[in-house]
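Below: the structure, in structure tokens.
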Amino acid sequence: MKPLAVFAALFLAACSSTPQGPKADVPLPEFEIEQTVGPGDAGYPDGPLDVKYELRIRNRSTVPMTFKRLSLRTVNPAGGAYTLTQPLEHTFNVPIPPNGEKTVELWVHARSYGVSMRDREPVTLKGVAYFDTPQGYVNQPIIQELQQ
């Protein structure tokens, strides 16, 4: 009986993480991240740091989209400018009109590594932006390098 309960729990968890509804057949939105506050603005501390991003989203489709969630992480090895820390999932509810554009500010928690030979290394972000449309969902993969 115990293996059945474990299987049921795993199955429900898997179902809850899958997108709801069909995938929309629309052009992917343009998604750009700019770092507006980083370790250099705080004097390159060795410890916790809040980093500010400006997210620019352009809806290239003829249907409205709603920016719902952003999953974001750093892929650089520790010891560079910074590494993102929890939470790595950020929720939104930002409507973007057809062929429209929105800018969203996001503060994230990070671990800065202080002054070092690597403190000005670019930070590479990897993640997924999730959108809802009347036609279904859209998932936009993100890989972006941010200069320090």
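Listed residues Thr133, Thr66, Thr62, Thr103; which is out of contact with any strand residue (DSSP E or B) (no Cβ under 9 Å at 6 or more places or on another chain) and closer than 14 Å to Pro29 by Cα? Talk me through it step by step, then tell me what you get.
Numbers: Thr133 fails: out of contact with any strand residue (DSSP E or B) (no Cβ under 9 Å at 6 or more places or on another chain); Thr66 fails: out of contact with any strand residue (DSSP E or B) (no Cβ under 9 Å at 6 or more places or on another chain); Thr103 fails: out of contact with any strand residue (DSSP E or B) (no Cβ under 9 Å at 6 or more places or on another chain).
Of the residues listed, the single one that is out of contact with any strand residue (DSSP E or B) (no Cβ under 9 Å at 6 or more places or on another chain) and closer than 14 Å to Pro29 by Cα is Thr62.
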Search result, residues across the range 75-92 that are surrounded by 14 or more Cβ atoms within 10 Å (Cβ to Cβ), aliphatic (A, V, I, L, M) and in a loop (DSSP other than H, G, I, E, B): Ala81, Leu88
Single unsatisfied condition, Arg56 versus (1) within 18 Å of Pro122 (Cα to Cα); (2) at pLDDT 95 or above: (1)
Where Lys102 falls short, out of the listed (1) modelled with pLDDT under 95; (2) of a type in the set (Lys, Arg); (3) under 18 Å from Ile142 (Cα atoms): (1)
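The values are calculated or read from the model by the stated rules, or taken from the named source; none is laboratory data. Since the model is a prediction, treat every value here as computed from it, not as a measurement. Because the Cβ atoms are built from the backbone with ideal geometry, glycine has one as well, and the counts that use them run over all protein chains shown.
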